[in-house]
1. Among (1) among the hydroxyl-bearing types (Ser, Thr, Tyr); (2) open to solvent by 80 Å² or more (accessible area, probe 1.4 Å); (3) touching a residue at least 24 places away in the same chain (Cβ under 8 Å), which single condition is TYR110 missing?
2. Does any residue in region 35-55 that is farther than 19 Å from ASP166 by Cα come within less than 8 Å, Cβ to Cβ, of a residue that is among the acidic types (Asp, Glu) and part of a helix (DSSP H, G or I) six or more places away or on a different chain, and which pairs are these?
3. Could you tell me whether CYS157 is surrounded by 17 or more Cβ atoms within 10 Å (Cβ to Cβ), touching a residue at least 12 places away in the same chain (Cβ under 8 Å) and under 22 Å from ASP199 (Cα atoms)?
4. I'm trying to understand the selection: among the residues of region 137-150, which are of a type in the set (D, E, K, R) and open to solvent by less than 100 Å² (accessible area, probe 1.4 Å)?
5. Find the helices (runs of 4 or more DSSP H) located wholly in region 103-204 whose residues include 2 or more that are out of contact with any Phe, Trp or Tyr (no Cβ under 9 Å at 6 or more places or on another chain) and under 27 Å from LYS77 (Cα atoms), and list them.
6. For region 181-204: of the residues being small (Gly, Ala, Ser) and out of contact with any strand residue (DSSP E or B) (no Cβ under 6 Å at 6 or more places or on another chain), which is surrounded by the most Cβ atoms within 10 Å (Cβ to Cβ)?
7. Based on this model, can you work out whether ILE134 counts as over 21 Å from LYS45 (Cβ atoms), at pLDDT below 95 and open to solvent by less than 40 Å² (accessible area, probe 1.4 Å)?
8. For ASN121, only one of the following conditions fails: (1) open to solvent by less than 20 Å² (accessible area, probe 1.4 Å); (2) closer than 26 Å to LYS89 by Cβ. What is its number?
Amino acid sequence: MLTKKKIIIFDLDGVLINSIKNMEASWKRTSPKFGIKKTFLDYRKYLGLPFEVILKNLKIKKNHTKIKKCYNDFSNKFFNKIRIYPNVKKTLEILKKKKFILAVITSKDYSRTKKILKRFNLKFKYVLCPNKKIRPKPYPDQILKILNKEKIEKKNCFYVGDMKIDKKFAKKAKVNFIYANYGYGEKINSRLKINRINDLTKII
């Protein structure tokens with residue numbers, strides 16, 4: 001039996017944190033080591049996808065494991081380039097008081113995601129990252145896993161993202177999509193839109 005509980009699921013990069021400088025520095029240091037000619041602008045087109053999928057889209061066919069490890073090492077080295085967006089903590093506290101369940105679904109790997117959440121003291125009931133047991137974005141599996149566990153109606157679920165793949169993700173799961181207009185992606189038409197994170201408290 002479905003409950004009346006409500007949930008807000010967040011993308012991480014471009015919604016809760018601004019990590020673009022970290023990504024750029026990491027890619028610029030990683031790509032020459034493997035003779036990769038693709039620029040960060042090429043890489044940026046595919047943000048929101050798992051790292052291995054980005055490499056495939058960039059037509060990079062070899063050394064995926066080594067490239068990922070190198071990139072992650074530089075990402076950790078440049079960790080101080082990551083910034084939390086203004087009013088994130090305050091907004092999350094307000095949403096918790098309104099009895100929303102809070103979750104994060106991101107294409108970033110689990111170890112770096114946990115490190116970031118710990119660094120900024122951000123706490124969520126669910127944190128889902130790519131793994132071999134469940135299909136990643138844009139497949140709806142991760143969202144549906146949470147909804148099934150909590151017995152939440154799809155109309156009471158909101159996914160907040162900044163990329164086209166996030167909108168596709170929410171659409172496939174048949175849940176509400178909220179477009180974070182301040183993030184990394186190209187402009188998206190969306191019925192629900194926020195220009196800053198604290199706008200969430202006004203629209204839901």
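1. Of (1) among the hydroxyl-bearing types (Ser, Thr, Tyr); (2) open to solvent by 80 Å² or more (accessible area, probe 1.4 Å); (3) touching a residue at least 24 places away in the same chain (Cβ under 8 Å), only one is false for TYR110: (3).
2. PHE40/GLU24
3. Values: surrounded by 17 or more Cβ atoms within 10 Å (Cβ to Cβ): yes; touching a residue at least 12 places away in the same chain (Cβ under 8 Å): yes; under 22 Å from ASP199 (Cα atoms): yes.
It is true that CYS157 is surrounded by 17 or more Cβ atoms within 10 Å (Cβ to Cβ), touching a residue at least 12 places away in the same chain (Cβ under 8 Å) and under 22 Å from ASP199 (Cα atoms).
4. Residues satisfying the conditions are LYS137, ASP141, GLU150.
5. On the way: elements: 110-119, 141-150, 164-173, 200-203.
Output list reads 110-119.
6. GLY183
7. In short, yes.
8. (1)
The values are calculated or read from the model by the stated rules, or taken from the named source; none is laboratory data. It should be emphasised that the depicted structure is a prediction, and the values quoted were computed from it without experimental measurement. As a convention, Cβ positions derive from the backbone with ideal geometry for all residues, glycine included, and neighbour counts pool all protein chains shown. The protein model used for the area step is the full one, side chains on, heavy atoms only, and it has no ligands, DNA or RNA in it. Shrake-Rupley method; radii C 1.70, N 1.55, O 1.52, S 1.80 Å.
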